[in-house]
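Have a look at the structure below, then the notes.
The values are calculated or read from the model by the stated rules, or taken from the named source; none is laboratory data. Since this is a predicted model, take the numbers as computed values, not measurements. FYI the Cβ positions are ideal-geometry reconstructions off the backbone, even for glycines, and counts take in every protein chain you see. For the accessible areas, the whole protein counts, side chains as well, though only heavy atoms, and no ligand, DNA or RNA atoms are used. Shrake-Rupley method; radii C 1.70, N 1.55, O 1.52, S 1.80 Å.
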Amino acid sequence: MSELSSQRAAVLAFLRERVGQGAPPSLAEIAAHCGFASRNAAQKHVQALAEAGLIELRSGQKRGIRIPGAEPQAVLDLPVLGRVAAGRPIGPDIGLERQLRLDRGLFARRPDYLLQVQGDSMIDDGILDGDLVGVQRSGEARNGQIVVARLDDEITIKRLERGRDGIRLLPRNPAHAPIVVAADADFAIEGIYCGLIRQG
């Protein structure tokens, strides 16, 4: 560590922190955190750290950075930040309700927070009224992913469908109709569904 430049040491410290949380950063995130002008500068430092044996790179993976000997954080402290609609969108009820300590293995990807489901529109995906869903903050999602979306200041959980005619938010219950996102709507993806906790 003493042989590293201050910039490279900062990159290594950031990588250790994020990998330890189970969320390896992208090159863009490394550049932003460390104040680099471009992703190319971040790539140069990452490659040098890999050549020095301080990190491992998994080929073909966008965030394929591993710290030798490090294990991802096994326990997560997650805030419960209100409700999300599985039905008609509901107004935002965002505010810290409580904090839960949960096993990282409960989730397919590392969530940033939890929301309580209200409604039954996602029952065919196993998401029931009252469940706590884990959400990873992201403004982007792939077609077909389950997302938490904000539509005209209301939030809902649905499957994302992008088509030639625009965006639809699809329920997973035949009793509910898809939500068509108008071209002029105030729409944003808030996060990606990571898994759920069923409250007894």
Can you list residues whose amide H is under 5 Å from Leu100's amide H, if they're 5+ apart or on another chain and H is modeled 1.01 Å from N? Leu78, Val80
Restrict the search to segment 23-61; then list the trypsin sites (Lys or Arg not before Pro) that DSSP places in a loop and that have at most 14 other Cβ atoms within 10 Å of their Cβ. Arg58
With -39,500 (n - 2.57) per DSSP H segment of 4 or more residues and division by the full residue count of the chain, the 222 nm estimate, nearest 500 deg cm²/dmol, is -5500 deg cm²/dmol
Solvent-accessible area per residue for the chain at a 1.4 Å probe radius, Å²? 55
Calculate one ³J(HN,Hα) per residue across segment 5-15 by plugging θ = phi - 60° into the Karplus curve 6.51 cos²θ - 1.76 cosθ + 1.60, and present them in order as whole Hz with x for glycine and proline. 5, 4, 5, 5, 5, 5, 4, 4, 5, 5, 5
Pull up all non-local amide H partners of Ser121: gap of 5 or more, or a different chain, and H-to-H distance under 5 Å with H placed in the peptide plane. Ala86, Gly87
Beta bridges per DSSP with both ends in the chain, % antiparallel, nearest 5: 90
How much of the accessible area of the chain, probe 1.4 Å, is carbon plus sulfur, in whole percent? 46
How would the chain be classified by its alpha-carbon gyration tensor: rounded, prolate or oblate, with rounded meaning a/c under 1.5 and the a/b versus b/c comparison settling the rest? prolate
